[in-house]
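Before any comments, here is the structure.
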Amino acid sequence: MELLFLALLILLMAAALGMGYPVAFALPGSAILTIGLAAGAGYLFAGDTDAYFAQGGPGQWLSAGVTNLRGVYWEAERDTLIAIPLFIFMGIMLQRSKIAEDLLVTMAQLFGPIPGGLGISVVFVGALLAATTGIVGATVVAMGLISLPAMLRNNYSHSVATGTIAASGTLGQIIPPSIVLIILADQLASATDQASASRKALYKESTGELTMPSAFDVSSTSAGEMFLGAFLPGLVLVGLYMAFILCFALFRPHLAPTVPYDGRFDRQFFGKVALILIPPLTLIFLVLGSILTGIATVNQAGAIGAAGALIMAGYRLTEGRPGAFRPAILAVASLVVIGVLLSFYEINVKKIRSGEDAFAVAVAAVAVTGLLTALVWSGWRALKVEDTLQGVMIETAKTTSLVFIILLGAAMLTAAFRAFGGEELVREFLGSLPGGFWTQFVIVMLVIFILGFFLDFIEIAVVVVPIVAPILLADPSANVTAVWLGVMIGLNIQTSFLTPPFGFALFYLRGVAPAIVKTISMYKGVIAFIALQLFALVVVGLYPNLVNYLPQRVSLTSETAPPPRNPKLQQCLEKYVWQRFTADGDAIRAEIAEARGFNLDYLPERLAKNLRESFDQAEQTFGLLEAARQAEEAVQAKADAFRPVQRKVRSIENGLRRLDAEIRELNTALRRTDAATEGARRERLEARIAALTEEREALAGEIPETWAETYKAFSALLKEESKARNLYRRNADRGYEPARALLAVFDATPAFKELGPELDGIKAKVAAAEKEEAAAILAALAKRFGEVDGASEIKTALTQARRAVRARTPDPEKAEAEMDKALAAYNAQIAWRDRAALDLVPDLRVYEVAIRDTIGARLQTRMSEDQALFVAGCNAGHRDISLYF
């Protein structure tokens, strides 16, 4: 019965959409109706409202999925989604203020003399609009109204003109900051949590281990990472469009003719180009650059974009009037002053320490006031000139409301879909497909492609992605990143927007195109661009580095970069170390050999022993890393023979788990039936259980008899590899840590010496003080010595002295002896610290630098730039980890 109501849910949704009901009502309405019907049918025919639900019952699902407004609204109030209205405002303001139109006209004049130059200009401006609006409909309509008449006037082929405009308009799907990328990031953040739980459960079932290594976990994503991941694919797509138009114009010049500029390419012309082009490009650079470099979050960048668009609209709407640029000049001047101040001062009222600091804060306050004044001034102009601001605000509110209402409705629909077992059904279907992950992926992408004919990108992102993404992300054989999956889905949705006869971009363009442009011409025009988009989709699929490299690079080079000991970085970091050993191994060995000759006789025995042992361990690191690589090669040598058998057995085990789950549910239902009144139903349940049990036994019999032995042998290889890697890592840490720790001791010598006078007079102070005061004096000095590297012996002696003073029966003699001991230890340390500063420290520092990036790589607080770039490139690909499951 669950399947019946699942089918009813889908039919109701399809019927509502087909009859023209708004998506915002069709999605939640079909969910509420179906859940209500299922609960009513269960109560009438089975006496239990939970009877026809695969997961829980209506009480649980209504509270958890539909009527629990706190849970539903929490989805819509996620921090990432705040950026949506900001970017929408930015794009609409640039369009309504005719800045986009100025861009197209100017670019057409600049590129017009080039073959296909007008078409290239359309692609260029379309990419800029995509980087401001992020909404297909708005971009296509704007481009159609602005550029289509110009292209038709200059004898462009109808097909070429409409195809170029429609394709350029869809760039908003993939070029950041894109609304679809923000929504996808939000949905994938939840999907990764589910995928992580599924992968951990799979690891436990497959290996019997209770915990899965964190290196195998699924990584989440964010809107900023999605923007970074989509940046290069977006540029690739723009480049493909421009290259196609140029080549087409060269071979068929009469279909995309040159458009000579009537004026002169003089200083005045290029000044106009700079005035029109630089401000929007600067705004886009600030918005995207602040995100890509990690300076601002997506929400903060959205606020920058909205404010910048308002400033630009302020001077464009009053163009030609006296003082048109005054608000913009005030804003730029204020920003320059703020930037200069931040470069030299820490602008913080709580940290004012001098008159200079107070002056800097005052100037910053004036500059901020100037910036706010410029914003209010520009906003007032936008409000007064043709009610532009009011129109933009209304349009922003409408579009934002549409997005958030659909998000709420989709949350309800997804809850209902899961309630009737739809997610499990999809999981079983995808899991039963031959070919593993890539077959599943192709099927999912094909479904999304087809749905793109009928549904807007928001519906696809919030309905389909939460269902299929956890399944795809949990698969360890591909181990794809959430960023890559999101960008692939974004590219796919973009492709479907162009596909006849249902492509949304074609409908948008049809609405603004003149009657002389036939629909069939539009269909012909987009075919080449669809092929280019599919080509780009294949390229990104085959080369995930295009998507993953930038997020990895920014993450690993940022101030908040994960430490080198992060488990997910270890294999790539070891590849870096091996590369360095191969190139510079002789030089590193020579440094180790020279370090063995250091005179350490005057150092404390413990420090000297640790350092001498570290030289041996540093030398052993080369062999241990080689052993780890050999263990990895041994695994790979057996992997090709093991993997097909493993996949077959894991597929069978998945089938067995599904059968076991169904048998458990049937047994539960059987226990709940009354033998006296429901005999026929019991017979049906018993027959079904017997059939499933027989099917299970037959399926279990398909597992090869040699599987246990095969798995045991391969597991032994994996354990040997893990053991070899762990041995190398521990040895490398021990080979570097003593040198680093000893240098930290020497670096602390100035702070150590500062405490000398206070330690010299401690006995007199303690003798003259009362019991509690004396204990406090000793405790304070012990704490200060505890903060100095290498002074633990002195701290211990002072602590013992404090205890002797604070004892129930104070022991002044013991306290005095401990203070004498502390002073003796201090004087001894001064002696070897001063000698080492001349004889040992310079050479030890050279040695530490020589092994820091290799043997000591794991113990750094953050990776060097070379390490970060290497690891980013290494981690940008997808690594198959299914052998460990």
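The values are calculated or read from the model by the stated rules, or taken from the named source; none is laboratory data. Note that the structure is a prediction, hence the values are computed from the model and not measured. Positions of Cβ are backbone-derived with ideal geometry, glycine not excepted, and every protein chain shown enters the neighbour counts. The protein model used for the area step is the full one, side chains on, heavy atoms only, and it has no ligands, DNA or RNA in it. Shrake-Rupley method; radii C 1.70, N 1.55, O 1.52, S 1.80 Å.
Brief remarks follow.
- Estimated FRET transfer efficiency (HIS878, ASN726; beta-carbon r; R0 22 Å; 0.05): 0.35
- What segment 710-776 shows is 52 Å² of accessible area per residue, with the surface traced by a 1.4 Å probe over protein heavy atoms.
- Working from label points 7 Å from Cα in the Cα-to-Cβ sense, the ARG682 to GLU709 distance is 4.8 nm.
- In segment 290-396, the ratio of gyration radius to Kirkwood radius, Rg to Rh, stands at 1.06 when only Cα atoms are counted.
- By the Kirkwood approach, averaging reciprocal distances over each pair of separate Cα atoms, segment 704-811 gets a hydrodynamic radius of 18.1 Å.
- Phi angles across segment 834-843 convert, under the Karplus curve 6.51 cos²θ - 1.76 cosθ + 1.60 with θ = phi - 60°, into 3J(HN,Hα) values of 5, 5, 5, 4, 9, 8, 10, 4, x, 5 Hz, Gly and Pro given as x.
- Translational diffusion coefficient (Stokes-Einstein; Kirkwood radius from C-alpha pairs) of segment 504-560 at 10 °C, 1.306 mPa s, in µm²/s: 109
- Backbone geometry of segment 210-225 corresponds, through the Karplus equation with coefficients 6.51, -1.76 and 1.60 at θ = phi - 60°, to 3J(HN,Hα) couplings of 6, 10, 9, x, 5, 5, 9, 6, 8, 8, 7, 9, 9, 4, x, 5 Hz, x marking Gly and Pro.
- Cα convex hull of segment 199-243 - mean projected area over all directions, nm²: 5.0
- Whole-percent P(r), segment 512-671, all Cα pairs, 5 Å bins from 0: 1, 6, 7, 7, 8, 10, 10, 9, 8, 7, 7, 6, 5, 3, 2, 2, 1, 1, 0, 0.
- Extending 7 Å from the Cα toward the beta-carbon at both VAL368 and ASP193 defines two label points whose distance is 3.4 nm.
- Percent of Cα pairs exceeding the 20 Å cut-off, where the set is segment 827-885: 56
- Gyration tensor (alpha-carbon) shape descriptor, segment 668-732, a/c threshold 1.5: oblate
- Computed extension length for PHE429-ARG852: 147.2 nm, one decimal, from 0.36 nm per residue of separation with the Cα-Cα distance subtracted.
- Here the Kirkwood formula puts the hydrodynamic radius of segment 338-408 at 15.4 Å, using every distinct Cα pair.
- Qualifying chymotrypsin sites (Phe, Trp or Tyr not before Pro) in segment 235-303, where qualification requires a DSSP coil assignment and no more than 16 other C-beta atoms within 10 Å, comprise TYR261, PHE265.
- Cα-based helix-to-principal-axis angle, 158-169 vs the chain, degrees rounded to 10: 30
- Alpha-carbon centroid distance for the pair segment 319-391 / segment 822-880, whole angstrom: 46
- The chain: angle of helix 83-96 to the longest principal axis, Cα-based, in degrees nearest 10: 50
- Kirkwood Rh, angstrom, segment 599-682 [1 / mean 1/r, Cα pairs]: 19.6
- For segment 143-191 versus segment 621-648, the gap between their alpha-carbon centres in whole angstrom: 47
- Per-residue ³J(HN,Hα) for segment 511-517, Karplus 6.51 cos²θ - 1.76 cosθ + 1.60, θ = phi - 60°, Hz, x for Gly and Pro: x, 10, 7, x, 5, 5, 8
- Using just its DSSP H runs of length 4 or more, each adding -39500 (n - 2.57), the chain gives a mean residue ellipticity at 222 nm of -25500 deg cm²/dmol after division by all residues.
- Normalised contact order of the chain, rounded percent, pairs of Cα under 8 Å and 6 or more residues apart: 16
- Three-way shape call for segment 530-625 based on the alpha-carbon gyration tensor, with the a/c threshold at 1.5: prolate
- Percent accessible area from carbon and sulfur atoms, the chain, protein chains only, probe 1.4 Å: 61
- Stokes-Einstein D in µm²/s, Kirkwood radius over Cα pairs - segment 750-885 at 4 °C with 1.567 mPa s viscosity: 70
- Translational diffusion of the chain, µm² s⁻¹ [Kirkwood Rh, Cα pairs; Stokes-Einstein; 20 °C; 1.002 mPa s]: 65
- Applying both filters, DSSP loop and at most 16 other Cβ atoms within 10 Å, to the chymotrypsin sites (Phe, Trp or Tyr not before Pro) of segment 481-569 gives PHE502.
- Applying a 4.7 Å Cβ-Cβ cutoff to the chain leaves CYS247 as cysteine residues with no disulfide-compatible partner.
- Virtual paramagnetic centre 7 Å along Cα→Cβ of VAL645, amide N under 17 Å, in segment 678-705: 701-705
- Remark: segment 705-848 carries a charge dipole of roughly 300 debye about the Cα centre, counting +1 on each Lys and Arg Cβ and -1 on each Asp and Glu Cβ.
- FRET efficiency, ALA274 to ARG565 (Cβ-Cβ, R0 41 Å, nearest 0.05): 0.25
- Heavy-atom accessible area per residue - segment 462-535, 1.4 Å, Å²: 29
- Treating each Cα of segment 746-789 as one equal point scatterer and applying the Debye formula with no solvent, the log10 of I(q)/I(0) at q = 0.14, 0.33 Å⁻¹ comes out as -0.35, -1.14.
- Working from label points 7 Å from Cα in the Cα-to-Cβ sense, the SER343 to PHE359 distance is 1.8 nm.
- The long axis of helix 267-292 is offset from the longest Cα principal axis of the chain by roughly 60 degrees.
- Residue pairs, from the table LYS568/LYS609; LYS609/LYS814; LYS568/LYS723; LYS648/LYS723; LYS98/LYS524; LYS200/LYS712, whose Cα atoms sit over 23 Å apart: LYS568/LYS609; LYS609/LYS814; LYS648/LYS723; LYS98/LYS524
- Sequence-distant lysines (8 or more away, or on other chains) whose Cα lies within less than 20 Å of LYS753: LYS763, LYS765, LYS783, LYS795, LYS821
- Rounded to the nearest 20 debye, dipole of the chain from Cβ charges on Lys, Arg, Asp, Glu: 1640
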